[in-house]
Amino acid sequence: MRRPASILLVSAVVIAACGGDDDSDATTTPPESAVSTVAEALEPDTDTDTDTDTDTTEPEVIDDSDTTTTTTTTEAAPTTEPPPTDPPALAELPSIAMGEYAVGVTTITITDTTRDRPLTVDVWFPLADGTTGDPHRYTFVTGDYYESPTAVTAEPASIAPDGPYPLVVYSHGSGGTRYISSNYTETIASHGYLVVAADHTGNTAAERVLGTSDDQALIALNRPQDVRTVIDAMLNPESAETVGFVASTDPERIAVTGHSFGGYTTYAVASGYANDLGSVEPDPRIDALIPLAPAVGGDDPPQLLSDDRLAAITTPSLVIVGTNDQTTPVDPNVRRAWELSNSAPHYRLELVDAQHNTFTDLCDYLDFFPTLPEVNPLVLEAIESQSAEGCSEGDMDIARAQELTNTFAVTFLDSIFADAEMITPDAFELPDDILYQAK
């Protein structure tokens, strides 16, 4: 039984993957045929000559009794129609759980010297066989923590030698944390990927609580630059911070994914972004995008991403959202991105009855925190409040949501980077709890 959402939002940490301000600009016959048959009776010539002579001549009698006429009718062979064939059976939808690799996690600092901007970064990576370690603890500034059920704390030296691996960069929501979706990032890593996530300095949970967050214009400009900084570091053999991972990172296979404002960030890395404070060019190194419940903005300016920016995106994309998202609703956010962007291929997955924070670990926090001997009550109150959008009665069960999200995300990445078959509506039997499109 979930705890009811609390109205108390004051906390030593805010775990929310995305605040309500992520989407402040969003508004929510066949032709006829005729057959004509004309029958014409051809009459024999009945005119006879009349002889006026008085002599009469016996008529000639013609005996035709031996003459017979035979009419042969040939019947057409009956036409045999081929029996109807059933359509080919659809494949069963796969279910992706943890992959073949155990997962290690380590925390490093990457600094963008041009902006004088340090970034705290978590790296999830496949572990070499036989590697052991303590369960990794994702620790909040209050000292409270969530203990991973699958990943262990490890160092780069224990990375599996099967690389290089594709690189996936994760971007958290506004006022969130780098590890807020660890179930997602750990699962991707277990399938042979290096996954990296930075705290976006000036837009984290702690800064929101302390009232030291940057204004939105600066945040929007900094975020895609943060992603570029992380990619640069992971590919730089001279970087002391990431040197242990560089040899295992494939520079030709890079994806970006993120939740809410991190979904905006995912698109912005591929589209480029500009405002009055500066501009960021599109990053040509990006090969795949997975925005989760993205904040894009409404049909009318001001918008986080303009129509032109969205139209500039050609990178293969999979966008995932909950049908009941209240913070970044499907319309206009996902609708605009789906209609305007030119991603090829492009996939759209909606989880029925899922909400905004379905794509975070908040529901797992609700279950784990009461098992600790002591928890800061304000932290627990904040988690309960923020988890209302995803962990409430009537929401899609979180285990099912994680299963679907991970299944589609990993299969999509494998289809881009490993020549795997992507889930398509015409080839797979789809369950009733999703809405899925491909183009």
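With a 10 Å Cβ neighbour count serving as the proxy for reagent exposure, in which order, fewest first, do 389, 186, 147 appear?
The fewest-first ordering by Cβ neighbours comes to 147, 186, 389.
So what is the relative contact order of region 98-202, in percent, for Cα pairs below 8 Å that sit 6 or more residues apart?
37
Looking only at region 255-352, where both bridge partners belong to it, what percent of the DSSP beta bridges are antiparallel (to the nearest 5)?
20
Fewest Cβ neighbours within 10 Å first, please rank 169, 152, 141 accordingly.
141, 152, 169
Suppose a student asked you for the relative contact order of region 294-439, using Cα pairs under 8 Å spaced at least 6 residues apart; what percent would you report?
This gives 25 percent for region 294-439.
Order by neighbour count: 200, 136, 346, 259, fewest other Cβ atoms within 10 Å first, most last.
346, 136, 200, 259
What does the C-alpha gyration tensor say about the overall shape of region 279-341? Classify as rounded when a/c is under 1.5, otherwise prolate if a/b is larger than b/c, or oblate. Could the numbers behind the result be given before it?
Values: a/c = 2.07, a/b = 1.31, b/c = 1.58.
In terms of gyration-tensor shape, oblate.
Bear in mind these aren't lab numbers, they're just calculated from the coordinates by the rules spelled out. Bear in mind the structure is a predicted one, so any value in this text is a computation, not a measurement. Here the Cβ is made from the backbone with ideal geometry for all residues, glycine too, and neighbour counts use every protein chain on show.
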